[in-house]
Amino acid sequence: MTTSSLSDRPARVLFLGTPSNAAALDRWEELQKRLTLAGIETTTAFEGEVHYAILTEDILDGYCTAAEALTLQKLRTQGVTCASTCAGPEQILAALAETSADVASVVPISAARGSTYRHAVSSAV
């Protein structure tokens, strides 16, 4: 299991939303599978500590339920980096390796900076 050098817990990635078509669902499931194989914990419930979030395009575009909007607001408040399923697993793992509390709440994956999970994910990239 991949763990953080700072907390000895696996990095957690939240998957928020419902993919809107078969292609989006395939991409969603592939990301979950690849991250799990890399030792990253994936969840669909925003409970406890979350280090990164993958959102459907609809949520990023503002087409979401009140509960999803509230979760997105909480993610932003906590400084959790959010991205769409367009990001590849390698990009997500690299971003987890670079994530820190001072990263903007929604940034392009390539712009993520910091060092919180550098050690946790470096062997998986």
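Summary of values
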{"quantity": "For the stretch 35-50, 3J(HN,Hα) per residue [Karplus equation, 6.51 cos²θ - 1.76 cosθ + 1.60, θ = phi - 60°, Hz, x = Gly/Pro]", "calculated": "5, 4, 4, 7, x, 9, 6, 10, 8, 10, 10, 8, 10, x, 7, 10"}
{"quantity": "For LEU55, net neighbour charge (Lys/Arg +1, Asp/Glu -1) across residues whose Cβ lies under 12 Å away", "calculated": "-3"}
{"quantity": "Projected label distance in nm at LYS74 and THR36, using a 7 Å step from Cα toward the beta-carbon", "calculated": "2.3"}
{"quantity": "Sum of side-chain charges, THR43 neighbourhood, beta-carbon under 11 Å (Lys, Arg +1; Asp, Glu -1)", "calculated": "-2"}
{"quantity": "Principal semi-axes in Å for the stretch 1-90 [√(5λ), Cα gyration tensor, largest first]", "calculated": "21, 17, 9"}
{"quantity": "Residues whose placed amide H lies under 5 Å from that of SER84, excluding near-sequence neighbours", "calculated": "LEU55"}
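Values in this text are rule-based calculations from the coordinates and carry no lab data. A quick note: this is a predicted structure, and the numbers were derived from the prediction, not measured. Note that we place each Cβ from the backbone using ideal geometry, even for glycine, and neighbour counts take in every protein chain shown.
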